[in-house]
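Novice: Before anything else, here's the structure in question.
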């Protein structure tokens, strides 16, 4: 229920509502009520559950896949945990709070975003004559602020002596087809007599074993995880007491190398070319809620087009999607929710695009604490995924403003310390951050650019846009001859079925000509290693005269119907090999 903030709500009693809400899903599109859809502030979920008596002797953990954006969790009226950050999981042991019969789980959430949160929002509030507060968030980003319990909530059990987590870091000798797999095991509760690990191949055959909580297991004749050709081993970790396994933790993992050198992005020692998309967790009715059927369809559509990758723009995606990408061989750039780190988010480029423009972003924003937490949580969750080849620390921040380097340098240092696989790091540059203005591009392993020449800049003029695209890419390569460069966004809004004999913007013809123009330039730049267009599919945004029921830059509609440009892109991507395109 939406909290009117007129009467205090007791989390230990039934909520004063009969409304039903599906979970996992965003709340916004489920009620058909405009006031609820656009609600900013607090809202509540509640349900009752029982725990079978045989399970009460186990350690019981309540796990949230996510809660957007801030959650206070109560069990039988007592607050048991709190979490801020809407796209990563959190959990809490619940044994001490359970009753024998019905247990009442109540969750209070907030979708408020401000200058201390990521994503960033412009928050304001007003009071009416009765003192009632009206809250408002003007999102500092171009997607709808879907909120709620968007991912599954589960109760799982472990013994008192249990395995908390495992860390897997393969060190691969490509020449000898061998890998030393470093496995670190974190345990909790009562100590085990022994911890042992067995590594199984895809057929379930044992190919390695070790003992201890910090061990190295050598794999011979190793099968590499390759883009679009996944091979997954399984690390089976057993906690032993009195000669018997009392807790077992299984983690699928892939063996592959990732390295940036001489302007190339190498996977397993070969120069990889990214083909794919920026996308969103966004579907009808579910909003940002987990929709596994859409996830499966989206990856199948990608593969049919010859794509091999996407970026989790602009937040970590669900556990389920990450595991699916591991299995399907989809390469992922994994991004934190640090989108909108600027005080000048606007579609008006006239001032911001002037040379030497500065603003007060790094004085006004107070996001560093939330940003550090997000880096900790995304790496902690996704560290073992073979599909993740690079971390994106932020999307479209004010890297052109004084103070950007001082803000980002400790964050990059933190990410490099935390990642056991030492993946490359990047952030995503918007057009005002160019080779001359970007204050912190020296921190990047890969130059990732969002560019809209021909759309937001020089709208419809593809001739001048081609010149500007070429000139900027050459300037980046001249400044950083050893760094790979790629596009992580480029696109043009397109209404399906709108055609023009004059290639007008918004027409399907213009969208295709726009991508053909960019393709010509990409192929000229030696260090250009990938094209991830914006966007995979149309998606919902906040209201605005620049938007017609959302952002229409998708090459698919929101319901996953292809626009005309899909045929051109499919032909191009199938003609480009995953490896060795840029020699």
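Novice: Over the Cα atoms of the stretch 305-453, compute the convex hull volume and normalise it per residue, giving Å³.
Specialist: 119 Å³
Novice: Can you sort 437, 211 from fewest to most other Cβ atoms within 10 Å of each residue's own Cβ?
Specialist: Ranked by crowding around the Cβ, least crowded first: 211, 437.
Novice: Using alpha-carbon positions, what is the distance between the centroids of the stretch 420-454 and the stretch 543-559, in Å?
Specialist: Between the Cα centres of the stretch 420-454 and the stretch 543-559 lies a distance of 26 Å.
Novice: What list do you get for 153, 464 if you sort them by fewest beta carbons within 10 Å?
Specialist: 464, 153
Novice: What base-10 log of the normalised intensity I(q)/I(0) is obtained for the stretch 25-157 from the Debye formula, alpha carbons as equal point scatterers, at q = 0.12, 0.18, 0.20 Å⁻¹?
Specialist: Rounded to two decimals, the profile gives -0.54, -1.02, -1.17.
Novice: Another question, then. So what is Rg over Rh here for the stretch 1-94, counting just Cα atoms and using Kirkwood for Rh?
Specialist: Ratio value, two decimals: 0.98.
Novice: Still on this structure, please answer the following. Stick to Cα atoms and the Kirkwood definition of Rh, then tell me Rg/Rh for the stretch 271-575.
Specialist: We get a ratio of 0.93 for the stretch 271-575.
Novice: Separation of the stretch 467-540 and the stretch 78-96 by C-alpha centroid, Å?
Specialist: 42 Å
Novice: Ok, one more. Please state, rounded to one decimal and in Å, the Kirkwood hydrodynamic radius that the stretch 374-494 gives when every pair of distinct Cα atoms enters the mean of 1/r.
Specialist: After inverting the pairwise mean of 1/r, the radius is 15.5 Å.
Novice: Suppose only helical runs count, i.e. DSSP H with n ≥ 4. What mean residue ellipticity at 222 nm does that imply for the chain under -39500 (n - 2.57) per run, divided by all residues and rounded to the nearest 500 deg cm²/dmol?
Specialist: The per-residue figure over the chain is -5500 deg cm²/dmol.
Novice: Okay, next question. Using Cα-Cα distances under 8 Å and only pairs 6 or more residues apart, what relative contact order does the stretch 159-253 have, in percent?
Specialist: Worked out over the stretch 159-253, it gives 29 percent.
Novice: Here is a further query. Which of 146, 97, 317 comes first, and how do the rest follow, when ranked by fewest Cβ neighbours within 10 Å?
Specialist: Fewest to most other Cβ atoms nearby, the residues stand as 97, 146, 317.
Novice: Using Cα-Cα distances under 8 Å and only pairs 6 or more residues apart, what relative contact order does the chain have, in percent?
Specialist: With pairs under 8 Å counted, the relative contact order is 12 percent.
Novice: Let me ask something else. Considering the Cα positions of the stretch 465-569, please state its Rg to one decimal place and its Dmax as a whole number of Å.
Specialist: Rg and Dmax of the stretch 465-569, Cα atoms, are 15.1, 43 Å.
Novice: Where in the stretch 487-517 is the amide nitrogen less than 12 Å from a point lying 7 Å along the Cα-to-Cβ axis of residue 567?
Specialist: Within reach of a label on residue 567: 509.
Novice: Further question on the same structure: Using only Cα atoms, figure out Rg for the stretch 159-253 and give it as a multiple of 2.2 N^0.38 Å.
Specialist: This ratio for the stretch 159-253 stands at 1.12.
Novice: Only Cα pairs under 8 Å and at least 6 apart count here; give the relative contact order of the stretch 356-438 as a rounded whole percent.
Specialist: 41 percent
Novice: Something else about it: Mind jotting down the distance between the C-alpha centroids of the stretch 23-38 and the stretch 253-268, whole Å?
Specialist: Cα centroid of the stretch 253-268 versus Cα centroid of the stretch 23-38: 43 Å apart.
Novice: State the Kirkwood hydrodynamic radius of the chain in Å, one decimal place, computed from all pairs of distinct Cα atoms.
Specialist: 25.4 Å
Novice: Here's something else I'd like to know. Based solely on C-alpha atoms, express the radius of gyration and the Dmax of the stretch 59-105 in angstrom.
Specialist: Gyration radius and largest Cα-Cα distance of the stretch 59-105: 11.0, 33 Å.
Novice: Oh, and also: Of the peptides 449-455, 565-571, 390-396, how do they stack up when ordered by the mean number of other Cβ atoms within 10 Å, highest first?
Specialist: Highest mean packing first, the order is 390-396, 449-455, 565-571.
Values quoted throughout were computed directly from the atomic coordinates according to the rules given, and no laboratory measurement underlies them. If you're wondering where the values come from, they're calculated on a predicted model, not measured in any experiment. As a convention, Cβ positions derive from the backbone with ideal geometry for all residues, glycine included, and neighbour counts pool all protein chains shown.
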